[in-house]
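I'd like to ask you about the structure that follows.
The values are calculated or read from the model by the stated rules, or taken from the named source; none is laboratory data. Model, not experiment: these values are computed from the prediction. Ideal geometry is used to build each Cβ from the backbone, glycine not excepted, and the neighbour counts take in all protein chains shown.
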Amino acid sequence: METDLIKKEIKEIIIDVLKLDLTPDQIDNEKSLFGSEDDPESGIIQDSLVVLEIATVLSEKYNIDPSEFNEQTFMNINSLADLVIEKGNLIEEKVED
């Protein structure tokens, strides 16, 4: 699976879960998903509990063990994409004839 497509899908999942009024192109791949100590509001994710929901969706979509998600994998879009590329296997939806 192409890296750019994976990043776009991850952004779409985050936008959907957080109900953001953004497009995937408006999210920088390097932007911290969480704010810094100096500026906690600067991140995309404001509520740490939503990380569980995002991890669950990614886990189900790419068949990744939930234990693979951690602080390092949730640094930014690129780090999540790296995890998907390394550990994931896209689960194709079965289409009935």
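Could you please find all residues in the stretch 36-80 being hydroxyl-bearing (S, T, Y) and touching a Ser or Thr at 6+ places or on another chain (Cβ under 7 Å)?
At the first step, the residues of the stretch 36-80 found to be hydroxyl-bearing (S, T, Y) are 36, 42, 48, 56, 59, 62, 67, 73, 79.
Answer for the stretch 36-80, where residues must be hydroxyl-bearing (S, T, Y) and touching a Ser or Thr at 6+ places or on another chain (Cβ under 7 Å): S36, S42, T73, S79.
Any residue in the stretch 42-68 that is free of Cβ contacts under 8 Å to residues at least 24 places away in the same chain and under 23 Å from N89 (Cα atoms) sitting within a Cβ distance under 7 Å of a residue that is part of a helix (DSSP H, G or I) and among the aliphatic types (A, V, I, L, M)? List the pairs, counting only those 6 or more apart or interchain.
That search, which allows pairs on different chains as well, returns P66/A55; E68/L83.
Quick grid of which residues meet (1) part of a helix (DSSP H, G or I); (2) crowded, with 16+ Cβ neighbours inside 10 Å; (3) modelled with pLDDT under 95:
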position	(1), (2), (3)
Q46	no, no, yes
L58	yes, yes, no
F74	no, yes, yes
E86	yes, no, yes
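While we're on this one: All but one of (1) loosely packed, with under 12 Cβ neighbours inside 10 Å; (2) modelled with pLDDT of 95 or more; (3) not in a helix (DSSP H, G or I); (4) not hydrophobic (A, V, I, L, M, F, W, C) hold for D25; state the number of the condition that does not hold.
(3)
Output the residues belonging to the stretch 18-44 that are among the β-branched types (V, I, T) and under 21 Å from I85 (Cβ atoms).
Passing the criteria: I27, I44.
Looking at the stretch 1-20, which of the residues that are touching a residue at least 12 places away in the same chain (Cβ under 8 Å) and in a loop (DSSP other than H, G, I, E, B) is nearest to the chain's Cα centre (by Cα)?
Filtering first and then ranking leaves L20.
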